[in-house]
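The values are calculated or read from the model by the stated rules, or taken from the named source; none is laboratory data. Note that the coordinates shown come from a computational prediction; the quantities given were computed from them, not determined experimentally. Cβ atoms come from the backbone with ideal geometry, glycine included; neighbour counts cover every protein chain shown.
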Amino acid sequence: MHTLAEVPVWHDERVVLVGDAAHPVGAGQGASMAIEDAVVLARALAEARSTGEGLAEYDRLRRARIGKMAKAARTNRDAKTSGPLARRLRDLVMPIAFGHYYERATTWLYAHDLGTLPAPAEESRPAEH
């Protein structure tokens, strides 16, 4: 039921935060967000002209999605802390609404396309003897 404060800086020249270290949204999505972060970070670094540019691009690309996840976590938390009347109403409406709206309401979370990772750079191999 507790949401941690936003982490304003996710990277400097030597360290980059991913997953809950960067954005502890508290929605039970920590591992999946960390994996998404890793993919986006790898792509941003591979496509950038410099490490700093790649880190800035990672930050830019992830902020909107993480903000949406944090908002969903707050909404979920607030629904669980409602009063007795609101809880009873929720319990009556949820079985009906869940079947009709759940998939549409969560598609943004589960259908997110990260693209593909860049191919590893070919390393020069010594000639075989």
Original post:
What do you reckon, is Arg77 modelled with pLDDT of 80 or more, surrounded by 11 or more Cβ atoms within 10 Å (Cβ to Cβ) and in a helix (DSSP H, G or I)?
Top reply: no
Practice item. Check region 88-105 and report whether any residue there is hydrophobic (A, V, I, L, M, F, W, C), out of contact with any strand residue (DSSP E or B) (no Cβ under 9 Å at 6 or more places or on another chain), modelled with pLDDT of 75 or more and closer than 30 Å to Ala42 by Cβ. Key: no
Result of the Cβ filter at 8 Å on region 87-103, keeping first residues that are at negative phi and partners that are of a type outside the set (A, V, I, L, M), at least 6 apart or interchain, is Arg90/Ser82
